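**Student:** Okay, handing you the structure first.
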Amino acid sequence: MGNLEQLLELNIRQTAIEEIPPWIDSLKKLEMLNARGCESLVKIPDSISHLVNLSTLDLSYCIRLCRLPESIGSLMKLQRLLLNGVKNPKSSQFDHALCNIPNSIGKLEWLIELNLSNSSILELPESIGDLKNLKILNIAYNEGLSSLPSTISKLGNLEEFDATECETLGGEIPIEGLSSLKILRLSSTCISGFLDAFDKLSHLETLDLYDCQMLQSLPQTISKLPSLQHLKLTSCDNFRSLPELPTCLTVLEITCQHHTLPQLSHLIHLKGLTIVDCQWLESMPELPLGLVELHVHGCDELTELPNLSSLKFLSELDLSSSSELIEIKGLGALKSLAKLNVSGCSKLSNLEGLEHLESLRFLCMSMFSGGCSKLGDVRGLEKVPVVFK
């Protein structure tokens, strides 16, 4: 192999190799080194620093790899560094794991993607803020990662940041300098909020905060985000206050422990609205006219909905487990409605207007767990192709 000086790509994936030989430094033109899934690989030689043209280094799922050489910072043309899945299984006999990244990583000025997901990383180096061209940072599913360095806010070209299920990651997240960010995923973390205002995240399109149990509110400046399309706040059981939202939203998913929700009718681009397990919610505001899907379930105190007759584009309506809901106003005017779920609406006494729903193809009114025990004869039921009782 040492004589293959013109080699551009070296693929040793899923082999039993234990160590990359030091003479790999003779492959001066090598651009891609793929060692993905080499489960016996324990060491990367210092001589890797001589691969001056290397642009992709894939060490994902090298589960015995326990260290990276400091010399990795000399790979000046490296664009993709993949270390996802570098984590010994719990049943493994091996004691060591890759817990830290060398501080020299900050010298990789052309690095575009850094994937550390599902690994054993315990902390990120301060020098990560020097990765001026980094666009994708994935640290998802790192159970031991409890904080982020403040320098992360220096990543001005970062477009995607994923910390999904970093279960011990807490505190407030620094975001002020992340001016290029498009996707921010922090679901199932212990974050309590954000250090900075949202108003500088002008490119943010997706904000996923699902199952953030320590989160109680969002900055008021979220209303100033001009590009935000998808906001996910479901299973945030301690979330108390939903601020005014930007008009550009197309999908909103929320769990909010309050008696009411803020105004929603100004969300003229909203197509999907999901309201889940809002235990205190008693009523809902007027809804956006362009809604295509409306899911409201597990809201035990919700007694009524706004009149739905103006929702001409609504095709799916899920009101399951809304145990206090008495009626559905405007049901008969929903000409586009194809799916209706009222299972578990134990106080719902009628489905007035169902006979006018010419597009309805699926109706669920299950009698399990209290079901729809107060529903009498439902007119138009025979017209629906699929009915679950």
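**Student:** What residue, of K329, K312, K335, is in contact with a His (Cβ under 9 Å, 6 or more places away or on another chain) and assigned to a loop (DSSP other than H, G, I, E, B)?
**Tutor:** Working: K329 fails: in contact with a His (Cβ under 9 Å, 6 or more places away or on another chain); K312 fails: in contact with a His (Cβ under 9 Å, 6 or more places away or on another chain).
Step by step, each of K329, K312, K335 is checked, and only K335 is in contact with a His (Cβ under 9 Å, 6 or more places away or on another chain) and assigned to a loop (DSSP other than H, G, I, E, B).
**Student:** Pick out the one residue from L54, L30 that is part of a loop (DSSP other than H, G, I, E, B) and within 21 Å of P102 (Cα to Cα).
**Tutor:** L54
**Student:** Moving to a separate point now. Is it true that E301 is in a strand (DSSP E or B), touching a residue at least 12 places away in the same chain (Cβ under 8 Å) and among the acidic types (D, E)? Lay out the reasoning, then the answer.
**Tutor:** Values: in a strand (DSSP E or B): no; touching a residue at least 12 places away in the same chain (Cβ under 8 Å): yes; among the acidic types (D, E): yes.
So E301 fails the test.
**Student:** Looking at (1) part of a loop (DSSP other than H, G, I, E, B); (2) in contact with a Phe, Trp or Tyr (Cβ under 7 Å, 6 or more places away or on another chain), can you tell me which one E172 breaks?
**Tutor:** The one condition E172 does not meet is (1).
**Student:** Among the residues of the stretch 1-27 satisfying the criterion of being in a strand (DSSP E or B) and closer than 18 Å to R80 by Cα, which is most open to solvent (accessible area, probe 1.4 Å)?
**Tutor:** Per the criteria, the residue is E9.
**Student:** To continue, here is another question. Going residue by residue through the stretch 198-215, is there one that turns out to be on the phi > 0 side of the Ramachandran plot and among the acidic types (D, E)?
**Tutor:** Checking the stretch 198-215: at least one residue is on the phi > 0 side of the Ramachandran plot and among the acidic types (D, E).
Condition check ((1) under 18 Å from the mean Cα position of the chain (by Cα); (2) in a loop (DSSP other than H, G, I, E, B)) across all residues:
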| residue | (1), (2) |
| --- | --- |
| L124 | no, yes |
| L134 | no, yes |
| L137 | yes, no |
| N142 | yes, yes |
| F161 | yes, no |
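**Student:** For the stretch 352-362, which positions are closer than 17 Å to S315 by Cβ and either open to solvent by less than 80 Å² (accessible area, probe 1.4 Å) or among the acidic types (D, E) (or both)?
**Tutor:** G353, L354, L357, E358, S359, L360, F362
**Student:** So, one more: Which is without any contact (Cβ under 8 Å) to a residue 60 or more places away in the chain, assigned to a loop (DSSP other than H, G, I, E, B) and in contact with a strand residue (DSSP E or B) (Cβ under 7 Å, 6 or more places away or on another chain), of S147, S202?
**Tutor:** When all the criteria are applied, what remains is S147.
**Student:** Hey, does the stretch 282-295 have a residue that's open to solvent by 40 Å² or more (accessible area, probe 1.4 Å), in a loop (DSSP other than H, G, I, E, B) and more than 25 Å from S235 (Cα to Cα)?
**Tutor:** yes
**Student:** For the stretch 175-191, which positions are more than 21 Å from T255 (Cβ to Cβ), open to solvent by less than 10 Å² (accessible area, probe 1.4 Å) and touching an Asp or Glu at 6+ places or on another chain (Cβ under 7 Å)?
**Tutor:** I175, L181 - these are the residues of the stretch 175-191 that are more than 21 Å from T255 (Cβ to Cβ), open to solvent by less than 10 Å² (accessible area, probe 1.4 Å) and touching an Asp or Glu at 6+ places or on another chain (Cβ under 7 Å).
**Student:** A further question on this structure: Counting only residues that are acidic (D, E) and in contact with a Pro (Cβ under 7 Å, 6 or more places away or on another chain), how many does the stretch 1-49 have?
**Tutor:** 1
**Student:** Name the residue that is nearest to R379 (Cα to Cα), counting only residues in the stretch 343-364 that are touching a strand residue (DSSP E or B) at 6+ places or on another chain (Cβ under 7 Å) and assigned to a loop (DSSP other than H, G, I, E, B).
**Tutor:** Among residues in the stretch 343-364 that are touching a strand residue (DSSP E or B) at 6+ places or on another chain (Cβ under 7 Å) and assigned to a loop (DSSP other than H, G, I, E, B), the one nearest to R379 (Cα to Cα) is L360.
**Student:** Could you list, in sequence order, all residues of the stretch 235-261 that are of a type outside the set (K, R), closer than 16 Å to Q279 by Cα, assigned to a loop (DSSP other than H, G, I, E, B) and open to solvent by 10 Å² or more (accessible area, probe 1.4 Å)?
**Tutor:** Matches in the stretch 235-261: S235, D237, N238, L242, Q257, H258, H259, T260, L261.
**Student:** A further question follows. Looking for something in contact with a strand residue (DSSP E or B) (Cβ under 8 Å, 6 or more places away or on another chain) and over 22 Å from L294 (Cβ atoms) - is there at least one such residue anywhere in the stretch 225-239?
**Tutor:** no
**Student:** Can you go through S320, S336 and tell me which one is under 30 Å from D377 (Cα atoms), in contact with a Leu (Cβ under 8 Å, 6 or more places away or on another chain) and of a type in the set (S, T, Y)?
**Tutor:** Testing whether each residue is under 30 Å from D377 (Cα atoms), in contact with a Leu (Cβ under 8 Å, 6 or more places away or on another chain) and of a type in the set (S, T, Y) leaves just S336.
**Student:** Could you identify the single residue in I128, I136 that is of a type in the set (A, V, I, L, M, F, W, C), touching an Asp or Glu at 6+ places or on another chain (Cβ under 8 Å) and at pLDDT 95 or above? Steps first, answer last, please.
**Tutor:** On the way: I128 fails: touching an Asp or Glu at 6+ places or on another chain (Cβ under 8 Å).
Exactly one of I128, I136 is of a type in the set (A, V, I, L, M, F, W, C), touching an Asp or Glu at 6+ places or on another chain (Cβ under 8 Å) and at pLDDT 95 or above, namely I136.
The values are calculated or read from the model by the stated rules, or taken from the named source; none is laboratory data. What you see is a predicted model, and the numbers here were worked out from it, not measured in a lab. Note that we place each Cβ from the backbone using ideal geometry, even for glycine, and neighbour counts take in every protein chain shown. Heads up: the accessible areas ignore ligands, DNA and RNA and are worked out on the full protein's heavy atoms, side chains in. Shrake-Rupley method; radii C 1.70, N 1.55, O 1.52, S 1.80 Å.
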